[in-house]
1. If you check residue 878 against the conditions, is it buried (at least 20 other Cβ atoms within 10 Å of the Cβ), among the acidic types (Asp, Glu) and at pLDDT below 90?
2. Are any residues in region 850-892 under 15 Å from residue 941 (Cα atoms) and over 47 Å from the mean Cα position of the chain (by Cα), and if so, which ones?
3. Is it true that some residue in region 942-955 is among the hydrophobic types (A, V, I, L, M, F, W, C) and over 21 Å from residue 376 (Cβ atoms)?
4. Is it the case that some residue within region 424-436 is within 14 Å of residue 354 (Cβ to Cβ) and of a type outside the set (Asp, Glu)?
5. How do the pairs read when you match residues in region 734-745 that are open to solvent by less than 10 Å² (accessible area, probe 1.4 Å) and in a helix (DSSP H, G or I) with residues anywhere that are of a type in the set (Gly, Ala, Ser) and at pLDDT below 90, using Cβ under 8 Å and keeping only pairs 6 or more apart or on different chains?
6. Hey, could you check region 1-23 for residues that are modelled with pLDDT under 90 and not in a helix (DSSP H, G or I) and say which is farthest from residue 88 (Cα to Cα)?
7. Is it true that some residue in region 966-985 is open to solvent by less than 20 Å² (accessible area, probe 1.4 Å), under 30 Å from the mean Cα position of the chain (by Cα), modelled with pLDDT of 85 or more and within 25 Å of residue 932 (Cα to Cα)?
8. So, of the residues in region 350-382 that are β-branched (Val, Ile, Thr) and either within 23 Å of the chain's Cα centre (by Cα) or outside any loop (DSSP other than H, G, I, E, B) (or both), which turns out to be nearest to residue 997 (Cα to Cα)?
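The values are calculated or read from the model by the stated rules, or taken from the named source; none is laboratory data. Everything numeric in this text was worked out from a predicted model, so none of it was measured. Counting neighbours? That spans all protein chains shown, and the Cβs are built from the backbone with ideal geometry, glycine included. The area values use the complete protein model at the heavy-atom level, side chains included, leaving out ligands, DNA and RNA. Shrake-Rupley method; radii C 1.70, N 1.55, O 1.52, S 1.80 Å.
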Amino acid sequence: MVVPGRRTVWDGVIELTKMAQEQCVDARLWASHLSATLKPFVEFPSTELAEVLVSYICWDNNVPVLWKFLERAMASNLVSPLVVLALLSDRVVPNRSTQSAAYRIYLELLKRNIFRIKDHITGSHYQIVMNSVATILRLETSKPGVILVEFVFKMVSQLLDACLSDEGLTQPTQDSLLIKSQDMEIDAPGRYNENTGSQEKLQTLNTIMAIEMVAEFLRNTVISRLLYLVSSNRASNWHEFVRRVQVLGENSLALRSSKVLNSEDLLQLISNRRFGYSFDSKVVSLRKSNAIVDFGSLASFAGLCHGATLSSLWLPLDLVFEDAMDGYQVNPTSAIEIITGLAKTLKEINGSTWHETFLGLWIAALRLVQRERDPIEGPIPRLDTRLCMSLCIVPLVVANLIEEGEHEFVTEKLRDDLITSLQVLGEFPGLLAPPQCVVSAANKAATKAIMFLSGGNVGKSCSDVINMKDMPINCSGNMRHLIVEACIARNVLDTSAYSWDGYVNGRINQIPHNLPSEVPCWSSFLKGAPLSAAMVNALVSVPASSLAELEKLYEVAVKGSDDEKISAATVLCGASLTRGWNIQEHTVEFLTRLLSPPIPADYSGAESHLIGYACMLNVVIFGIGSVDSIQIFSLHGMVPQLACSLMPVCEAFGSYTPSVSWTLPSGEEISAYSVFSNAFTLLLKLWRFNHPPIEHGVGDVPTVGSQLTPEHLLSVRNSHLVSSETLNRDRNRKRLSDVARSASCQPVFVDSFPKLKIWYRQHQRCIASTLSGLTPGSPVHQTVEALLNMMFRKVSQTLNPVNSGTSSSSGAASEDIIPRPEFPAWDILKAVPYVVDAALTACTHGRLSPRQLATGLKDLTDFLPASLATIVSYFSAEVSRGVWKPVFMNGMDWPNPAANLSNVEEFIKKILATTGVDIPSLAPAGGSSPATLPLPLAAFVSLTITYKIDKASERFLNLAGPALECLAAGCPWPCMPIVASLWTQKAKRWFDFLVFSASRTVFLHNPDAVVQLLRNCFSATLGLNAAPMSNDGGVGALLGHGFGSHFYGGISPVAPGILYLRMYRALRDTVSVTEEIFSLLIHSVEDIAQNRLSKENLKRLKTVKNGSRYGQSSLATAMTQVKLAASLSASLVWLTGGLGVVHLLIKETIPSWFLSVAKSDQEQGPSDLVAELRGHALAYFVVLCGAFAWGVDSRSAASKRRKGILGSHLEFLASALDAKISVGCETSTWRAYITGLVSLMVSCLPRWVEEVDPEVLKSLSNGLKQWGKDELAILLLSMGGIETMGDAVDFIVHMHS
């Protein structure tokens, strides 16, 4: 504003100007006189003078000569052009319809000055000028660089709005802008009317020029880079700007009259490629472009994926899918959440479209199913779990991704990409072949489509009641038909999919009459038919087809009669759980809710209301206890809530004696012990309860899964109660939250269950130290005596559970007169460790035979099946302590493995050999040396082989089996082959499974075997051990095609990736393993270079004649392989070590390697290339490791730790660039790593850049500038937010001066 105290000075300016105007004084002379007059009073350039001159012209003195005076004042630096333009924009543009000539002059002044912006921001007055501009434009910032960016954006936005308004285009549409302007003089605005003949003509010309000016803003190198700062830091504003430009480009009539610009040019100027704006991305992020970073002879690192195979791009998906099939451990995190984050990560880093991302998901899911074509038999997840992943989890992931996009205005684009991906899927008939057990379901899905196209009035599941033999045409279906039905059920597709070319074989001319709209049994049930035995059998075998059917079942299970509750729960645990892929997430949800049934309105008892639901609860717990069912719950993320729901059931039923019982409709009687044992056994399967303290990991890094404790599960469950802004946008999180709240809206802790807590603390003490604290005469001691009397009726007087040496029994008792103890289950569990300890001690001293020991332990587990869990924990602790003498497995005292021990060992060696692992040190134990096992292990295996292999024992064997393997694996070789041999004698059909399980334990005893296996994983994936390599490698070589697909040497070989995924969880030193993976990555780069770029090829590459085309092809192939090696490495590190190891790797391992690695002594040519490739591999590896652990956005809890870990790593890089520390690696490696890492961050991971300390970004940027990576340095600063915007502006302006 003009300062009132200087009015006399400004009055003099007005008088001088009037006089010069009247006397037609030359503008230069006027400016000279004005300067001399004001020099004693003001400092130039003067904001006050600019305000006076603009106010004088607008609008009482709007004549050409005054505009010339103003232009001369700007040229003479009496006023700042930027200040003048800011003032004029506020006065001229709003009045352009009545002041057309003035608007034309404004456009000319803007054109003349805005593109020479550097000339106007140099000197000591930069800050003052920018503050003046901020005041005029009413900006809230005081940072000069930010003000300049705001000023430029204001100018172009104002022009754009003016053009839209002048042409009556007020509604925004979709996308982009561009190009040139005309040169015109300021001389005489009046002549425009004279030349054009009308005011309207001048307005049209002004609109054309304004549009061309908008295009010039976007074309000019400096200005467009300043606008990029807006796109990077103010996404919503830029989004609106782009949409308005698209409206203009697509609808402007004036644009069609331009001689230098067309609509296509304008849209291209504002395109995604130029400004990094992506309509199918959740955030504005810079897309991959060769402009990002130039690696010399190498292709853009960010665009590395082009030309890579699907296997290369989506390898991490295949590994994660297959890893989830391991039944030895459940995951507290939903597979939907994990895979959704992984898909977004791979999309961003690979630079893929959503079409490619969806296709990658489908193909990985189908490969997962195909790997189970010839499964081995055993207590492991089978086809049901794989089908759950392919036909339920992945469709839910796709629905999640589309739902997220819905809030980013890209729903239709995502749906279109989903459709095209499923259409392309039809080109993979080998992958689409359905397993035999789902052929019927696939055929019925195809039939449904044919019926629909034929005009039949069909319901959701009419095909289920059609007799396929009666169909007039072939209705063979495949996996795509099932996938499409799953997508339709989630509302991401509609029935128009039935009309896709080639989707079905044809149409039916004669439709069968009287087709029901629903499956008869389900339709009858919905209409009120009772749950008779026949009805239940029918509903159990056919999955529900709608949510309404499940809701009705749930209502009956909660509110019906006792018999109806049991029937409804039985149905829910049937086909709807295992094969109801279209509604499986709802089935899992209702079953979880049933474990926390509501308190009846009329309930007034003192005991837990759960007692009244005993029969229904037992049916649910028993029904979901299979290996596949538990994995299905795990995939859906229900494990934390499942554990939380089982705890009160255990707490309540564990407090009752076996005299409390209930009779089922079948006549079977169940006791409180039965319900408790089933619930307690299922609860323990949800966390690694039997693992010894040594598995807490190395140093500060825990092993993956060691955090699976009751506390952790409840913590995850409680986190589901916390509402967040993304809850309503994420159907999976909302489902988990709803289920958690249905049980309790309050957080739940272990302290909420006193009896469970007491047992859990005792269990921890038992594992950590030897037994102590049993006081004679105490309640626990009395329970111990009673149990020993029950277990060893004829010899109980010889057993002694206390250290005093006194007898634990008053004497022998007759078997017929000793009643079975009547203690609550929790009291028995407290006594079991002392009971087993006394029994083992008696066996050691010969007072108890091995057969009596095994029989007594089996009697105990028959009496209270849940006692098996405490027996497991006791044996686990005792084996790890190593205080018990080994016993001879001679067939007299203990079972003898000799019958097939040598056979088992031979098969183990063959499995390893066919996988590429050579362990000659495996000495056979079946020779002259008798087989021995530590006493606790011998007792444990003897106990387990007393169980029948049937459905009733399945849940207990599933608990004991992994524990038995863990115990045997931790003992000296050949304990595991001995255990496997004993079990193969009992379960011959499990031979392949048992031998494979035994082969995994070799890696615990021989670290070199782990290295060999990892090396073979790399060789198989990269195709480095086969010729021709172009036809080998990838996912197929790494993970194979199932256990029985290739019969070799009498056994089924296992792909190296499968073997690693099934054994790595048992590795204790995960840090060393991940360091080995890192080392293999480094060496694999050299192998890739040697195989892909032989010396002859390098010579051709160096020649002028062949170098260009051949070199680009060879290097692109090598870079694709390098990326694949890095992708494999990052995936294995993430799976093996989890978040802790990834943090250790980025924070310590990588920096240490850079500081200590010795330079290569190889000849200069190849070593430079290898060194550069190595840098690219490391960059990709680190980015992928971080992205797998933290995600590309800030949705996951792990992302909160990203800032600290990544910041530490980048500080290391900045220190090295600032020469504060020196690195020992090759210069080419160092440069390639930093440029690659920064390039990937700015192109794929904008959220990461935003979190980095601004000073670190500035240091990195300065280092990149010193290497000539100006473009990358600018992009890095541009994405750093307000704190680095000023530096980015300075760099942009001065770089192009």
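1. So residue 878 fits the description; yes.
2. Residues satisfying the conditions are 850, 851, 852, 853, 855, 856, 887, 888, 889, 890, 891.
3. Within region 942-955 (the criterion being among the hydrophobic types (A, V, I, L, M, F, W, C) and over 21 Å from residue 376 (Cβ atoms)), the answer is yes, since at least one residue qualifies.
4. Scanning region 424-436 turns up at least one residue that is within 14 Å of residue 354 (Cβ to Cβ) and of a type outside the set (Asp, Glu).
5. The qualifying pairs are 737/723.
6. The extreme case among them is 3.
7. Within region 966-985, not a single residue is open to solvent by less than 20 Å² (accessible area, probe 1.4 Å), under 30 Å from the mean Cα position of the chain (by Cα), modelled with pLDDT of 85 or more and within 25 Å of residue 932 (Cα to Cα).
8. 369
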